[in-house]
Amino acid sequence: MPRIPPTLFRHARRINPLLPSLLPVCRDLRSSQNELRWLGEHAAEVASKSGQKHETLLERYVHRRAKGEPLQYILGSEFFGDLEIKCRPGVLIPRQETATSVSHLAALLSKAWKQSPASKPISVLDLCTGTGCIPLLFQHELSKQSPGKDAIANIVGVDISSTALSLAEENKVIQLRELRTSASPYAKTLHLFRNIHFLQADVLARSGPSSVTGRLQQIQTNRIKPSYEIIISNPPYISSSAFRRTTAASVRRFEPKLALVPPSTDSGLFPSGSANKQGLDDGDIFYPRVLEIAAECDAKVVLVEVADIEQACRVAAMADGWHVEIWRDDPAARGESGEEYVGVGGEGGRQVRVLGTGNGRSVLFTKGNWIRG
Ligand SMILES: C[S@@+](CC[C@H](N)C(=O)[O-])C[C@H]1O[C@@H](n2cnc3c(N)ncnc32)[C@H](O)[C@@H]1O
């Protein structure tokens, strides 16, 4: 990383004495100025509500940011597609690439519905929901693309962390309140957010009261086998060695490791009776379990996020009896080289279509005539 010249620090100080502290984290003057403006606006908003001094708040925020804390934790929110999602330390900050995949899935589904309209709302399960960003955006995107529908999806977001779940509930309330008071064209779809629920369960547990199907059965009054047509999941997928080698220092220091790195068998955190880790890459252990849950719930579509094209290929090779596609960061974009295929599963494996441009970002599994990218 190139060093920042002292002249730039002096120039920054002349513009605003707080700017030089932001230069090392932001790396250039323009980004530092932008961040200082956003922190200033946030300080003004908090000051007006709390009666605290604007200057004191701003200095405190700049100090936190200078220590590498993500801007989203200080400002308290991040944009995710059209939605502003509340963020808080202890829960992963939603990423734009996730929003792009989720919106693309909603667009494909809406297109399929235009050809053959659904007779009832679909059921969607979001495993490892964090802030609840995926259920909220998915419902929003479906309602945006199919206006006038009364009930589009019933969505359950699942997480093991009670900190994440209480933030997810808050985010749902915030979206309901925003729509109720706004002149947004989507305000009509306010009631659809009421069809989103959050549930505490352990995705890795195969059976028992804390497993996903165990918890779903407990909340269903009829106790029948849970049925979900669509499963979406952005699980922890970074191996411990990649976590040390490849993640940014601010991610390692400030974002929850629980959200990023699957438990290892040696940590004692890996629960007994959970998915068999044998032969799996450290970062991949959630995927077989997500596919098992998909089979238990009779799902027809599964979309999982991955770190890169290598992990996408390993995950794509895990499923028998599914049609599989790999999506890059922007799955709707056309790559320059035309149709792209990649071999998965080694010798005797199969060719899988890769869509879009950017890094390998997600894997789509479908059954029957359900959507294709
Ligand atoms: C990569 S984050 C994804 C959060 C959110 N879906 C998003 O896209 O921003 C993974 C989430 O999985 C949750 N998690 C970790 N282990 C889990 C488990 N065994 N069962 C259920 N959720 C788990 C974490 O608490 C975290 O919220």
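Computed over the chain, the per-residue total of -39500 (n - 2.57) for DSSP H runs of n ≥ 4 gives a 222 nm mean residue ellipticity of -12500 deg cm²/dmol, rounded to 500. Remark: segment 6-65 carries a charge dipole of roughly 160 debye about the Cα centre, counting +1 on each Lys and Arg Cβ and -1 on each Asp and Glu Cβ.
Ligands, DNA and RNA left out, the accessible area of the chain computed with a 1.4 Å probe is 51% carbon and sulfur. When a/c reaches 1.5 or more, the comparison of a/b and b/c decides; with that in mind, is the chain rounded, prolate or oblate per its Cα gyration tensor? Verdict is prolate for the chain. The packing ranking, built from the mean of other Cβ atoms within 10 Å per residue, places the peptides 201-213, 108-120 in the order 201-213, 108-120, highest first. For the chain, find the longest principal axis of its Cα atoms and tell me its angle to the long axis of helix 29-50, 0 to 90°, nearest 10. Approximately 90 degrees, to the nearest 10.
When the pairs 225/367; 111/172; 49/257; 144/367 are compared against a 31 Å limit on Cα-Cα distance, 49/257 fall above it.
The C-alpha atoms of the chain define a longest principal axis, and helix 96-115 lies at about 40 degrees to it. Take every pair of alpha-carbon atoms less than 8 Å apart whose residues are at least six positions apart; their mean separation over the length of the chain yields a relative contact order of 13 percent. Highest mean packing comes first when the peptides 331-340, 301-310, 72-81 are listed by Cβ atoms within 10 Å, giving 301-310, 72-81, 331-340. Averaged over residues, the count of other Cβ atoms within 10 Å places the peptides 284-296, 43-55 in the sequence 284-296, 43-55, highest first. Rounded to the nearest 5, the antiparallel percentage of DSSP beta bridges internal to the chain is 50%.
Tilt of helix 162-181 relative to the longest C-alpha principal axis of the chain, in degrees (0 to 90, nearest 10)? It is inclined by approximately 80 degrees.
Charge dipole of the chain (Cα centre as origin; +1 on each Lys and Arg Cβ, -1 on each Asp and Glu Cβ, all else neutral): 920 debye, rounded to the nearest 20.
The values are calculated or read from the model by the stated rules, or taken from the named source; none is laboratory data. If you're wondering where the values come from, they're calculated on a predicted model, not measured in any experiment. So basically every Cβ, Gly included, is an ideal-geometry build from the backbone, and we count neighbours across all protein chains shown. Calculation scope for accessible area: heavy atoms of the full protein, side chains included, ligands and nucleic acids excluded. Shrake-Rupley method; radii C 1.70, N 1.55, O 1.52, S 1.80 Å.
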